[in-house]
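The values are calculated or read from the model by the stated rules, or taken from the named source; none is laboratory data. Small disclaimer: the values here were computed from a predicted structure and weren't measured. Glycine also receives a Cβ, built like all others from the backbone with ideal geometry; neighbour counts cover every protein chain displayed. Note: accessible area is taken over every heavy atom of the protein model, side chains too, but ligands, DNA and RNA are not part of it. Shrake-Rupley method; radii C 1.70, N 1.55, O 1.52, S 1.80 Å.
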Amino acid sequence: MLRFLTAGESHGKGLVVTVEGVPSGLSVTKKDIQNELARRRLGYGRGPRMRFEADEVELLTGIRHGRSLGSPIAIVIYNSEWERKWTEEMSPEPGIPSKVLTKPRPGHADLSGMLKYGFADARDVLERASARETAARVAAGSIFKLMLRELGVEILSHVTQIGSVEAVLSELPTPADLELIDSSEVRCFKKDVEQDMVAEIKAAAKVGDSLGGAAQVLAYGVPVGLGSHVHWDRKLDGLIAQALMSIQAVKAVSIGDGVEVSYKRGSEAHDAIFWDPVSESYTRDTHRAGGIEGGISSGDLITATAWMKPLATLNRPSIETVDVVSKEQSFSFKERTDVTAVPAMGVVAEHMMAYVLAQEATRKFGGDSMAEMKRNLTSFINNLGSADSRVGEG
């Protein structure tokens, strides 16, 4: 089965990701991965690291002449600051740090990790807990996106909220709108809200504070039948929710109109089913269920929203904490930080969604090569007795 594992610390020599289960014959280049990593660095309100972090990528194994071999793929993303600043502080060789961080940040993994693993220095926790780790996820996710594209699936995201500013949409963006979204300073599809979001970020930055928000992920062209209703740990919505919740600082996830429909009556909460005799397929004109019913993809557009809390590291000493050595009341230490990372979180969420869908597509359609996997998908669709298993997008 498809899976991936990341390793590395925020200021270590580099991040490593190993991807296992990718079928042979998938076209993969370093540029494909670098393009997605560049998208992760987008967004007004990001810290200075984003301006010089080039995400130097090296493909180590599993790719030959631009195509996957079916063997594990290993990728390294080198830290451009390693030799200049961090070789001593983050060295794996025996030694002592130049500065021990003893004032954990509330809202971060610092204190819980220190207590769990018996550390006296918060850096032993924060380096791995840092959202820098998501660069490795995006590197892996770029491969999953390529797999899904071969199967006719496209994934995009857009920011729907930053701080108190919310973008209320009358229509959802499509894959054709991705370039427009990425050109936005805050990756917002609704242009008349973009400058309000920027102003909100500027106001928070002026006082050294941070902002949270939300991003929606949309998956077009997902075939019916991914996931399962027969076991709790096979439900597609549960898998997507877990994947998105695993992103650093994400504290809530909604599938479709999951929150909104809880206020409605049943007669208004579900997606009516229609038959289109022209395409000989089932259609729906609403997306309230987010494209998943009973833990199984319905063939409709899949939508999920992730909510991110304000970042725990601020540019001013304002959150009280305790020094773990002296036990005196103090303020948490400061690391280099963003005012908000919601635009980047949306990009990471795309790649986590891609992982779940690619994993379930591999489970459903199998195959040692992409050619075999595509044949299996085609056979499945043909055996449904309709022209296509994908429900119309409304």
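A few points about this structure:
- Number of positions in the stretch 219-230 that are among the hydrophobic types (A, V, I, L, M, F, W, C) and either more than 14 Å from Ala304 (Cα to Cα) or assigned to a helix (DSSP H, G or I) (or both): 3
- Meets criteria (touching a Phe, Trp or Tyr at 6+ places or on another chain (Cβ under 6 Å) and either touching a residue at least 24 places away in the same chain (Cβ under 8 Å) or within 24 Å of Glu154 (Cβ to Cβ) (or both)) for Ala214: yes
- Residue within the stretch 359-368 that is out of contact with any strand residue (DSSP E or B) (no Cβ under 9 Å at 6 or more places or on another chain) and crowded, with 24+ Cβ neighbours inside 10 Å present: yes
- Any pair with Cβ under 9 angstrom, 6 or more apart, that starts in the stretch 16-38 at a residue that is closer than 19 Å to Leu5 by Cβ and in contact (Cβ under 8 Å) with a residue 12 or more places away in the chain and ends at one that is aromatic (Phe, Trp, Tyr) and open to solvent by less than 10 Å² (accessible area, probe 1.4 Å): Val19/Phe144; Val22/Phe144
- The number of residues in the stretch 257-273 that are more than 20 Å from Ala215 (Cα to Cα) and touching a Ser or Thr at 6+ places or on another chain (Cβ under 9 Å) comes to 5.
- Count - residues of the stretch 69-90 that are over 20 Å from Glu56 (Cα atoms) and without any contact (Cβ under 8 Å) to a residue 24 or more places away in the chain: 2
- Hits in the stretch 111-128 - residues which are aliphatic (A, V, I, L, M), surrounded by fewer than 18 Cβ atoms within 10 Å (Cβ to Cβ) and in contact (Cβ under 8 Å) with a residue 60 or more places away in the chain: Ala120
- Tallying residues that are open to solvent by 80 Å² or more (accessible area, probe 1.4 Å) and not in a loop (DSSP other than H, G, I, E, B) within the stretch 66-110 yields 4.
- Scanning the stretch 299-315 for residues that are in contact with a Lys or Arg (Cβ under 8 Å, 6 or more places away or on another chain) and open to solvent by 50 Å² or more (accessible area, probe 1.4 Å) yields Trp307, Lys309, Asn315.
- Taking the listed residues Lys191, Lys145, the one that is in contact with a strand residue (DSSP E or B) (Cβ under 9 Å, 6 or more places away or on another chain), open to solvent by 10 Å² or more (accessible area, probe 1.4 Å) and not polar (S, T, N, Q) is Lys145, with no other qualifying.
- Any hit, the stretch 133-154, residues being aromatic (Phe, Trp, Tyr) and touching a residue at least 12 places away in the same chain (Cβ under 8 Å): yes
- With a requirement of 2 or more residues that are over 27 Å from the mean Cα position of the chain (by Cα), the strands (runs of 3 or more DSSP E) lying completely within the stretch 231-289 that satisfy it span 274-276, 281-283.
- Condition met for Ser297 (over 30 Å from Ile33 (Cβ atoms) and either in contact (Cβ under 8 Å) with a residue 60 or more places away in the chain or in contact with a Gly (Cβ under 9 Å, 6 or more places away or on another chain) (or both)): no
- Of the residues examined, Val342 is one that is in contact (Cβ under 8 Å) with a residue 24 or more places away in the chain, of a type in the set (Val, Ile, Thr), farther than 30 Å from Ala120 by Cβ and buried (at least 16 other Cβ atoms within 10 Å of the Cβ).
- Verdict on Gly62 being surrounded by 18 or more Cβ atoms within 10 Å (Cβ to Cβ) and in contact with a helix residue (DSSP H, G or I) (Cβ under 7 Å, 6 or more places away or on another chain): no
- A residue that is buried (at least 18 other Cβ atoms within 10 Å of the Cβ) and within 22 Å of the chain's Cα centre (by Cα) occurs nowhere in the stretch 370-377.
- When Phe380 is tested against (1) part of a loop (DSSP other than H, G, I, E, B); (2) surrounded by 15 or more Cβ atoms within 10 Å (Cβ to Cβ), just one condition goes unmet, and that condition is (1).
- The stretch 222-281, residues that are among the polar types (S, T, N, Q), over 19 Å from Met353 (Cα atoms) and open to solvent by less than 50 Å² (accessible area, probe 1.4 Å): Ser279, Ser281
- Any chance Ser183 is small (Gly, Ala, Ser) and under 14 Å from Tyr44 (Cα atoms): yes
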